[in-house]
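Chemist: Sharing a structure with you now.
Nothing in this text is a laboratory measurement; each read-out follows from the coordinates by a stated rule. Please read these numbers as outputs of a predicted model, since none were measured by experiment. Positions of Cβ are generated from backbone atoms using ideal geometry, with glycine treated the same way; all protein chains shown enter the neighbour counts.
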Amino acid sequence: RRVAAADSVVVIGLGRFGTALALELMAQGTEVLGIDDDPAIVQSLNGHLTQVVRADATSEAALRQLSVPDFDRAVVAIGIDVEASLLATSLLLRFGIEHVWAKALTTPHGEILAQLGVPHVVYPEAEMGRRLAHLVRGSMKDYV
Ligand code: ATP
């Protein structure tokens, strides 16, 4: 089944972060097109996302073939491969996708994404670390 682009999200990079995001979107009733270039990952998510495809997200032709330019929400969840993250993100911006989120592992990576014009740069590890500090402080109150 193909994803209707309206009211659906494209998730590029289905590592731990992208997979968790995509599955949660599905659980909440949002249609998801997942893209990853690792065939094992694509295979393991087959049937769990509306559509999951093996493709190189740095290829403009591949993204066009998947109708990615028709989406208005996209998340780039590639972290380690900064070059792939930047190339994929720049294509999404060039397509004019209105809502683009991109994950950064380091501050320089995030700053370049922001310079490209990404409206929402997320730092999952730094943000989760800060959240956990609040949770840890909160739970401490029960013991002191
Ligand atoms: P996580 O922490 O979420 O597991 P990560 O930060 O380790 O992820 P990466 O390993 O860089 O991030 O990438 C996440 C996913 O993106 C991987 O499954 C990888 O196969 C995929 N990926 C990397 N480059 C590309 C690309 N050019 N096209 C499509 N998918 C890609």
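Chemist: Six or more apart or on different chains, Cβ under 7 Å: which pairs go from a residue in region 71-82 that's without any contact (Cβ under 8 Å) to a residue 12 or more places away in the chain and within 13 Å of Pro124 (Cα to Cα) to one that's of a type in the set (Val, Ile, Thr) and outside any loop (DSSP other than H, G, I, E, B)? Could you list them?
Modeler: Matching pairs, first to second residue: none at all.
Chemist: Turning to a different aspect of this structure: Is there a residue in region 127-134 that is surrounded by 10 or more Cβ atoms within 10 Å (Cβ to Cβ) and under 17 Å from Val11 (Cα atoms)?
Modeler: no
Chemist: Continuing with this model, one more query. Given His134, His120, which one is more than 15 Å from the chain's Cα centre (by Cα) and more than 14 Å from the ligand (Cβ to nearest atom)?
Modeler: When all the criteria are applied, what remains is His134.
Matching residues to (1) touching a residue at least 60 places away in the same chain (Cβ under 8 Å); (2) over 17 Å from Val3 (Cα atoms):
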| residue | (1), (2) |
| --- | --- |
| Leu25 | no, no |
| Gln28 | no, no |
| Gln43 | no, yes |
| Ser67 | yes, no |
| Leu86 | no, yes |
| Phe95 | no, yes |
| Lys103 | yes, yes |
| Leu113 | no, yes |
| Gly117 | no, yes |
